[in-house]
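A short write-up of the structure that comes next.
The values are calculated or read from the model by the stated rules, or taken from the named source; none is laboratory data. Nothing here was measured: the structure is a model prediction, and the numbers come from that model. Counting neighbours? That spans all protein chains shown, and the Cβs are built from the backbone with ideal geometry, glycine included.
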Amino acid sequence: MKKVIFLVAFSLILPCLPVSAVAATLAVTNTGAPQVYFYPSEFDRLTMDFTVARTDGTADTLRALTLANEGTARNIYEISKVVVWADAGPAGFQGMEVDEKLGEAIRTEIGEYWYLADLSKAVPASGLRLFVSIETASRSAITSQKTVHMKIPGLLDGGTIGQFDIGDTGLFLGSAMGPAETLINPNYQTILTSSTDVSAPKTLVLDPDDGATISTTTYKISGISRDQGGSTPASVKISIAPVGGADNWVDVTGIGANYSTWEYNWTAIANGSYVIKVYGTDWIGNTEAPGEGIRVTVDQTALISPSASLSTVEAAPTTLLADGMAKASVTVTVKNCAGNPLSGKTVSLTSSRTADKITAVKDTTGTDGIATFEISSSEAGSSVLTAVASNISLNQKPTINFSAASLAAGDLIR
């Protein structure tokens, strides 16, 4: 259930402020975090979900906010960290390495709350969706059945007017602050104890991105894994399958300790659309349920197409006589987007002057990607050369200068 709470701009609370401090009313849409159970040593456990926007359709900047727990869970004993996120990636809370981490809130016993200050996060005219998550303490510290009922306390601006100071509470933007009343999550969460780790790891693919297009025949997939529950990941598996095809699970290679970072070399890639899924298993045997995974498209057209920028066109010499006999050699090296030579490509060479004579020595590239030409001219002047490979005009356009032939005194004339 969503609840909308209007925040009062401080220009309305304090009408004596100068005109430059005037701001519009804000609205907060309280989407809410669900009522669920948490266990020891877990992270990315959602406790608040809300969106802040100005009602006048103007952008602003988030500067600070404060958070407090209305439930019975205690700082350090049950709650080890409070983390604030801005929505990023797919809509909704994902947390680790997906959403934008604004920071870990700092606990102050003045008022018994957490705060996150010195922010400069843009609040778009359409609104900024924020999440608050916690990390639970270790099982040795937790008393079971403690509850989390996170809130943003109502506005208290007792220090510098319009700015956050320790002891203040609420939500502080560049030109407004609030709420006038406490914004509290509509549900609470319960922290339970357990005699052992009962939570599976959380594993993510960091590269490639969801929706990426891959144009190579090999690709190094990389990701991270972190255990929920206090153990460590013992293995990570990956499946790369055509869309609609069956999963095919294989092991990845751990790079960081306990698969904190990992890699998988995807080889012999064929064109098509694929789903990449991963899951981790910890040393206790808790196994992560694979999600929907990410989708990538493999299109290797660029690998077989000449690259206009990476292909080269070189002439030597670049200065010669315009006697119809002196020749310059032109070497065209056709490469793809990866800088690799392309064979079997037909190349043509033209000059900016019609009087020049161009002869193809080899106009189809070999395994080295090279085609060669010769050029001569009986007309003095500068010629700009253009090479075209498989209908793609190459960027490099060398210039050859033809100088007029002349006779010096004593030359034999026949």
Across (1) farther than 17 Å from residue 184 by Cα; (2) surrounded by 15 or more Cβ atoms within 10 Å (Cβ to Cβ), residue 51 clears everything bar (1)
From the option list 364, 354, single residue qualifying as within 22 Å of residue 308 (Cα to Cα), free of Cβ contacts under 8 Å to residues at least 40 places away in the same chain and of a type outside the set (Lys, Arg) is 364
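Answer yes or no: is there a residue in segment 136-143 that is in a strand (DSSP E or B) and closer than 12 Å to residue 171 by Cβ. Spell out how you get there, then give the answer.
The initial filter retains those residues of segment 136-143 that are in a strand (DSSP E or B), namely 136.
Next, only the ones that are closer than 12 Å to residue 171 by Cβ stay: none.
Checking segment 136-143: not a single residue is in a strand (DSSP E or B) and closer than 12 Å to residue 171 by Cβ.
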Residue pairs qualifying under the 6 Å Cβ cut-off, at least six apart or on distinct chains, with the first in segment 223-234 being more than 12 Å from residue 261 (Cα to Cα) and the second being among the polar types (S, T, N, Q) and assigned to a loop (DSSP other than H, G, I, E, B), are 228/199; 229/41; 229/199; 230/41
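Looking for something under 28 Å from the mean Cα position of the chain (by Cα), crowded, with 23+ Cβ neighbours inside 10 Å and either on the phi > 0 side of the Ramachandran plot or modelled with pLDDT of 95 or more (or both) - is there at least one such residue anywhere in segment 17-31? Lay out the reasoning, then the answer.
If we filter segment 17-31 for residues that are under 28 Å from the mean Cα position of the chain (by Cα), which is where we start, we get 28-31.
If we keep only those that are crowded, with 23+ Cβ neighbours inside 10 Å too, we end up with none.
No, that holds for no residue.
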For segment 291-321, the count of residues that are assigned to a loop (DSSP other than H, G, I, E, B), at pLDDT 95 or above and farther than 30 Å from residue 339 by Cα equals 1
Apart from one, (1) in a strand (DSSP E or B); (2) under 15 Å from residue 310 (Cα atoms) all hold for residue 384; the odd one out is (2)
Does residue 104 count as over 25 Å from residue 165 (Cβ atoms) and modelled with pLDDT of 95 or more? no
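Select from segment 267-284 the residues that are within 15 Å of residue 236 (Cβ to Cβ) and not aliphatic (A, V, I, L, M) and write down the one among them that is nearest to the chain's Cα centre (by Cα).
Here is the first cut: in segment 267-284, the ones within 15 Å of residue 236 (Cβ to Cβ) are 276-283.
Still in the running and not aliphatic (A, V, I, L, M): 277, 279-283.
Working: 277: 18, 279: 21, 280: 22, 281: 26, 282: 27, 283: 31 Å.
Step by step, filter segment 267-284, then rank; the result is 277.
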Just one listed residue, out of 366, 410, is at pLDDT 95 or above, more than 15 Å from residue 315 (Cβ to Cβ) and of a type outside the set (Val, Ile, Thr), and it is 366
Subset of segment 209-231, residues surrounded by fewer than 18 Cβ atoms within 10 Å (Cβ to Cβ) and assigned to a loop (DSSP other than H, G, I, E, B), comes to 209, 210, 211, 212, 216, 217, 218
query = Is it fair to say residue 331 is farther than 24 Å from residue 377 by Cβ, out of contact with any Pro (no Cβ under 7 Å at 6 or more places or on another chain), in contact (Cβ under 8 Å) with a residue 24 or more places away in the chain and not assigned by TED's automatic domain parsing to the domain that holds residue 212?
reply = no
